[in-house]
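Just passing along the structure, written as structure tokens.
The values are calculated or read from the model by the stated rules, or taken from the named source; none is laboratory data. Because the structure is predicted, anything quoted here is derived from the model rather than measured. Glycine also receives a Cβ, built like all others from the backbone with ideal geometry; neighbour counts cover every protein chain displayed.
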Amino acid sequence: MTPSLQLLQPYPFEKLAQLKQGVIPAADKAPINMSIGEPAHPTPALIEQALVAHLNGLANYPVTKGTAELRQTIAGWLTRRFTLPHGVIDPETQVLPVSGTREALFSFAQCLIDPSPGRHGKPVVIMPNPFYQIYEGAALLAGAEPYFLNTTEATGYLPDFDSVPDAIWQRCQLIYICSPGNPSGAVLSQQSHQKLLALADKYDFVIASDECYSELYDDENLPPPGLLQSAFNLGNADFSRCIVFHSLSKRSNAPGLRSGFVAGDAKLLQPYLQYRTYHGSALPLPVQHASMAAWKDEAHVLENRRLYREKFTAFIGLLANTCRIERPPASFYVWLKTPIDDTEFARQLFARQSITVLPGSYLSRPAHGVNPGANHVRIALVASLDQCEQAAERLNSFFNTL
């Protein structure tokens, strides 16, 4: 086995299971799980209907590139959502369907990274910290060194690109960004995108923008900007060095569909398509038809945002007088500061109130003298409105005992 596997850490939910082991929660309280970002709103009927209507497609091998109709549908959605001119995105060369963003975020690094030491040393993959652990695993298994860019309260939970030393930029082959961010919901501005694009041009690295939470935003008048949108507005009309990752899991409450796409620089997507052809990750034809139905419809996405907005209002309103809690501009997470150690907070909350949350230190690594996830917990507002309200009331009681 590759020795790189020994570098991988247990996944956050493995650590959480160990933390809860042997703890008996309060018997008089129904369990509420707010630890995992798995959408619980119903999958829209139009997706299910399209899937079932095309089950005869299971008799055919799908092509890795996906159907032309699916790529055109995705290009049309990107154009509308990010206010790009018609025809700027070429569905033939700049769009690829993928089996959800998780596998694509991982496999893209395996395709891109040259692990041989360059004149500046071992290749580096930069990532936000806290982060989606796939970024770290992708870097390590591609033979690169992760560089953790802390996102703290002092930086508005956003990466400070100015803090990265020149020597790191020189070794950087790939940077992962996540906007809206997991776990904070913080949104990178167009100006931040454009600063990063200038750095990519100067140091010749690729930007992988994880935008899977882009459709879960609080203000209907302020949709988060996307990397391709920022690149085009800067004059980078061919999206050089830019790849974006989008998914139907959060947007359309279809995590089990395992459907998303990557889009951007055609010079990067051409070899990535070849890699994926060998990798064997083509979307089944029924899934492609269901995906087209989802990308063509915005009504269910509007309703999805309304439901999350309702839960944020209720949850934060009930806790506002008990603890310091902020409403994020996007995502479905509350990134809550804890008055005690985050693992102890999570363990006691589970024991006393039967609520499961994820310790922030499980989502980050110690870097530059601190663990930026410490003394935070991530709370996913994926449960029903009633359960979210119950959880807020129990959290009130819990905070009053600390």
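Do the conditions hold for ARG119, that is, is it farther than 30 Å from LYS296 by Cα and without any contact (Cβ under 8 Å) to a residue 12 or more places away in the chain?
Yes, satisfied.
Still on this structure, I have one more. Yes or no: TYR275 among the hydroxyl-bearing types (Ser, Thr, Tyr), modelled with pLDDT of 95 or more and surrounded by 19 or more Cβ atoms within 10 Å (Cβ to Cβ)?
Spelling it out, it is not the case that TYR275 is among the hydroxyl-bearing types (Ser, Thr, Tyr), modelled with pLDDT of 95 or more and surrounded by 19 or more Cβ atoms within 10 Å (Cβ to Cβ).
Could I ask something else about it? Consider VAL377 against the criteria (1) β-branched (Val, Ile, Thr); (2) more than 18 Å from the chain's Cα centre (by Cα); (3) modelled with pLDDT of 95 or more: it satisfies all of them except one. Which criterion is unmet?
The number of the failed condition is (2).
Does LEU174 meet the test of being over 19 Å from THR155 (Cα atoms), buried (at least 24 other Cβ atoms within 10 Å of the Cβ), in contact (Cβ under 8 Å) with a residue 40 or more places away in the chain and in the same structural domain as PHE108 (by TED's automatic domain parsing)?
The answer is yes for LEU174.
Sticking with this one: Kindly provide the set of residues from the range 194-232 that are in a helix (DSSP H, G or I), crowded, with 22+ Cβ neighbours inside 10 Å and in contact (Cβ under 8 Å) with a residue 40 or more places away in the chain, ordered by number.
LEU227, LEU228, SER230
Exactly one of these conditions fails for GLU310: (1) within 29 Å of HIS246 (Cβ to Cβ); (2) of a type outside the set (Lys, Arg); (3) without any contact (Cβ under 8 Å) to a residue 24 or more places away in the chain; (4) surrounded by fewer than 14 Cβ atoms within 10 Å (Cβ to Cβ). Give me its number.
In the conditions (1) within 29 Å of HIS246 (Cβ to Cβ); (2) of a type outside the set (Lys, Arg); (3) without any contact (Cβ under 8 Å) to a residue 24 or more places away in the chain; (4) surrounded by fewer than 14 Cβ atoms within 10 Å (Cβ to Cβ), GLU310 misses (3) alone.
If you go through the range 107-119 one residue at a time, do you hit one that is buried (at least 23 other Cβ atoms within 10 Å of the Cβ), under 23 Å from ALA374 (Cα atoms) and either aliphatic (A, V, I, L, M) or within 20 Å of the chain's Cα centre (by Cα) (or both)?
For the range 107-119, residues buried (at least 23 other Cβ atoms within 10 Å of the Cβ), under 23 Å from ALA374 (Cα atoms) and either aliphatic (A, V, I, L, M) or within 20 Å of the chain's Cα centre (by Cα) (or both): absent.
Same structure, new question: Between residues in the range 283-303 that are free of Cβ contacts under 8 Å to residues at least 60 places away in the same chain and residues that are of a type in the set (Gly, Ala, Ser), which pairs lie under 8 Å by C-beta distance while being six or more apart or on different chains?
none
Do we have any residue at all in the range 243-260 that's assigned to a loop (DSSP other than H, G, I, E, B) and either in contact with a Phe, Trp or Tyr (Cβ under 8 Å, 6 or more places away or on another chain) or outside the structural domain of VAL287 (by TED's automatic domain parsing) (or both)?
no
Considering the range 303-314 alone, what residues qualify as being of a type in the set (A, V, I, L, M, F, W, C) and over 16 Å from GLY185 (Cα atoms)?
LEU307, ALA314, listed by residue number.
Give VAL370, VAL377, VAL382 a once-over and let me know the one that is more than 20 Å from ILE36 (Cβ to Cβ) and of a type in the set (A, V, I, L, M, F, W, C).
VAL370
Residues are listed down the side, and each one gets a yes or a no for (1) more than 20 Å from ALA186 (Cα to Cα); (2) outside the structural domain of TYR203 (by TED's automatic domain parsing); (3) in a loop (DSSP other than H, G, I, E, B); (4) at pLDDT 95 or above:
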site	(1), (2), (3), (4)
PRO97	yes, no, no, yes
ALA104	yes, no, no, yes
PHE108	yes, no, no, yes
CYS111	yes, no, no, yes
ILE126	no, no, no, yes
TYR132	no, no, yes, yes
TYR135	no, no, no, yes
ALA138	yes, no, no, yes
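Looking at the range 1-87, what helices (runs of 4 or more DSSP H) fall wholly within it and have at least 3 residues that are exposed (fewer than 15 other Cβ atoms within 10 Å of the Cβ) and in the same structural domain as PHE350 (by TED's automatic domain parsing)?
12-20
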